[in-house]
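So the structure is just underneath, and the comments pick up after that.
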Amino acid sequence: MTDIQSLRNDFPILNKQLDGQPLCYLDSAATAQKPNKVIDVIKTFYQDENSNVHRGLHTLSENATVRYESARETIANFLNVETREIVWTSGATESLNLVAHGLSASLNSDSVIAISPFEHHANIVPWQEACQRTGATLLVLPMLDGVLDEQGAIAMLKQHKPDVLAMGHVSNALGNIHPIESLISVCKALGTITVIDGAQSLLHLRPDLKALECDFYVFSAHKALGPTGVGGLYGKYQQLNALPVYKTGGEMIKEVSFERSSYREAPSKFEPGTPNISGVIGFAAAIDYVNEIDPSALQRYEQALYHSLLAKLRQIEGITVYGDTQNNVGVVSFNYKNEHHYDLATLLNTYGVAVRSGHHCTQPLMKMLKVNGTVRASLAFYNNQDDIEHFINALSATIELLD
Amino acid sequence: MNIEHITKKLSESHGWQAKYREIMLLGKQLPTLPDALKVDSAIVSGCDSKVWLYLDLDESAQQLVLIADSDTRIVKGLLAIIIAAYAGKTPEQASQFNAYELFESLGLIAHLSPSRGNGIRAIVEQIQVQAEILK
Ligand SMILES: Cc1ncc(COP(=O)(O)O)c(C=O)c1O
């Protein structure tokens, strides 16, 4: 069995001192830290292997192409889907834009797109744009006390029979794990296309997309121990291949003349230009790393940390915690009395504590929760009980300074 | 509040917590803006924290008059420093004043960095622009 605690040593940044304070990194929902394995692979690539892909007979180019394509296989295996169903993109944001753009070709003014109230702006704005282009209507599923109202959502889906349901697997602002299994099965019966934003779930939940049966799933490498600027889109092959191209250029074409061009099949037709080769290879290294960790041990460890943090936080009078604390990947989103989240986060930073404050790119959600923002502490398996002590002590000192 | 007093207080406080305590105390001394004046047209578009700023010229004395408020304690304290630095200056003096040097000398230059998103940089820029116009 993997000793989860010892994995922390694989993350060099966690030994850092900031202004003489040890770093207490509780901002993994913004971006996860990188293990040595990922850092080394990227360094080695530029040092010994750098070359462009798909366009050279020389050894380096051939090797790079093999690595690039086998990375696709790595992530496909991880998600339990076919290799040709994975498109490399610059991240979840680009993937969502690609799908929203592609699906809007078959939407019209009678169409309905459903989203949840928890969505990141990246999963709202592309759909709003699609609505503006096509005249479709945006429908927002209901929530109760910071938790998705599952029964209400199902009833709403059945009533409006949307063309598309786009929603996050896990809320970035609150950490809620949404009941997407039941919503997807309702959508399947209704013929609703499901687009799942997996930015926050890939690392913590390791979803099996074959079992999940969603039509599309998007993700960012950097939230799952990989490098920034790379991510992907999964789509069931028929549906993926049916989407119109999003960006155009070299690499994606079969034939080009000055009159017209023909495109290759998916995934190539969505990957014009030189891709983020080192990013893709680094991402595969991150997935290899995660594959070596027993998923249930990892989840047990993260849940134990989360509940310890939650219990300690709730002992502080005046703290309000938002969201679903029963089904959560390990995010506490909170406020203290009427204090501004900006002041709290600025003071916590003086103790070496890295948390996020603000609206977390979910302004509509914040409005529904009737707050202008929260402080968000988000955990990953490389955190430990010392981080929690460090955070609680810093928070107590911060509160003393404010009271 | 005068800027010499503030500079002295801040240079005597060691460590970030002590500095922020001093800054928040400065903010407490700044009058609260009545809600009627907390209007969107007075908001300096910053980011996470809200800042309202009014700047005018006292015609007879030819001096700038500044009123500002924020919904966060720390930014309000930083506003107190800015107001102390600019208040009473003529538009001419204000447009020549280097707020970056002041914040550098107070050890607070990080608060003027574009990534802070607290609007302090935007406030200083807005004061400079308006001072130019009033000259
Ligand atoms: C739920 C969710 N969706 C989408 C995104 C966008 O990801 P990226 O900025 O990597 O494209 C994020 C990142 O914050 C997120 O948390």
Sequence-distant lysines (8 or more away, or on other chains) whose Cα lies within less than 26 Å of A:LYS247: A:LYS223, A:LYS236, A:LYS269
Choice from A:ALA29, A:ALA311, A:ALA122 showing the highest fluctuation, given a GNM over chain A with Cα pairs closer than 10 Å: A:ALA311
Which peptide among A:233-244, A:45-56 comes first, and what is the full order, when sorted by highest mean count of other Cβ atoms within 10 Å? A:233-244, A:45-56
Cross-link reach from A:LYS16 to aspartates and glutamates, straight Cα distance under 20 Å and at least 8 residues apart if same chain, gives A:ASP27, A:ASP40, A:ASP386, A:ASP387, A:GLU389
Between B:LEU25 and A:SER308, what is the FRET efficiency for a Förster distance of 30 Å, r being their Cβ-Cβ separation, to the nearest 0.05? 0.30
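Find out how many positive minus negative residues lie around A:VAL353, taking Lys and Arg as positive, Asp and Glu as negative, among other residues whose Cβ is under 10 Å from that of A:VAL353.
-2
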Would you mind calculating the relative contact order of chain B from Cα pairs under 8 angstrom and at least 6 residues apart, reporting the percent as a whole number? 26 percent
Positive-end residue, segment B:3-134 charge dipole about Cα centroid, Cβ charges, pick of B:GLY107, B:THR90, B:LEU64: B:GLY107
To one decimal place, what Kirkwood hydrodynamic radius in Å is obtained for segment B:3-134 from all pairs of distinct Cα atoms? 14.9 Å
Within chain B: Cβ-based charge dipole about Cα centre, in debye rounded to nearest 20 (Lys, Arg +1; Asp, Glu -1): 500 debye
Take chain A, compute every pairwise Cα distance, and split them into 20 Å bins from 0; I just need the percent in each bin. 27, 55, 18, 0
Residue by residue through A:342-354, how many Cβ atoms from other chains fall within 10 Å of the Cβ on average? 4
Selected from A:TYR382, A:ALA136, A:ASN176, residue furthest toward positive end of dipole (chain A; charges at beta carbon): A:ALA136
Stokes-Einstein diffusion coefficient for segment A:1-78 at 25 °C in a medium of 0.890 mPa s, Rh from the Kirkwood formula over Cα pairs: what value in µm²/s? 158 µm²/s
Taking Rh as the Kirkwood radius computed over alpha-carbon pairs of segment B:6-76 and applying Stokes-Einstein at 25 °C with viscosity 0.890 mPa s, one gets a diffusion coefficient in µm² s⁻¹ of 178 µm²/s
In debye, nearest 20, what is the charge dipole magnitude of the protein assembly as shown about its Cα centre with +1 on Lys and Arg Cβ and -1 on Asp and Glu Cβ, if you could check? 220 debye
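Between beta-carbons, use under 15 Å as the cut-off and find the net charge around A:LEU212, counting Lys and Arg +1, Asp and Glu -1. Please report the intermediate quantities before stating the final value.
Values: positive: A:LYS188, A:ARG206, A:LYS210, A:LYS236; negative: A:GLU82, A:GLU85, A:GLU181, A:ASP197, A:ASP208, A:GLU213, A:ASP215.
That sum, taken over residues with Cβ under 15 Å, equals -3.
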Hydrophobic long helices for chain B, i.e. whole DSSP H runs reaching 15 angstrom or more by Cα along the axis with Kyte-Doolittle mean at least 0.0, come out as B:73-86, B:120-134
What is the average number of partner chain Cβ atoms found within 10 Å of a Cβ in B:17-24? 3
Averaged over peptide A:323-331, how many Cβ atoms belonging to another chain are found within 10 Å of each residue's Cβ? 0
Going by average Cβ neighbours within 10 Å, how do the peptides A:4-11, A:83-90 rank, with the highest at the top? A:83-90, A:4-11
Straight-line reach from A:LYS161: which lysines have a Cα under 17 Å away, not including same-chain ones fewer than 8 places off? A:LYS188
How fast does segment A:227-368 diffuse by Stokes-Einstein, in µm²/s, taking the Kirkwood radius from C-alpha pairs at 4 °C and 1.567 mPa s? 65 µm²/s
Are there any helices in chain A, counted as whole DSSP H runs, that stretch 24 Å or more along their axis by Cα and score at least -0.5 on average by Kyte-Doolittle, and if so which? A:59-79, A:295-314, A:385-402
Proximal lysine pairs, segment B:3-134, alpha carbons under 25 Å, eight or more residues apart or interchain: 20
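Every number in this text was worked out from the coordinates using simple rules, so none of it is lab data. This structure is a prediction, so every number in the text was calculated from the model and none was measured. Cβ sites come from the backbone with ideal geometry, for glycine too, and all protein chains shown count toward neighbours.
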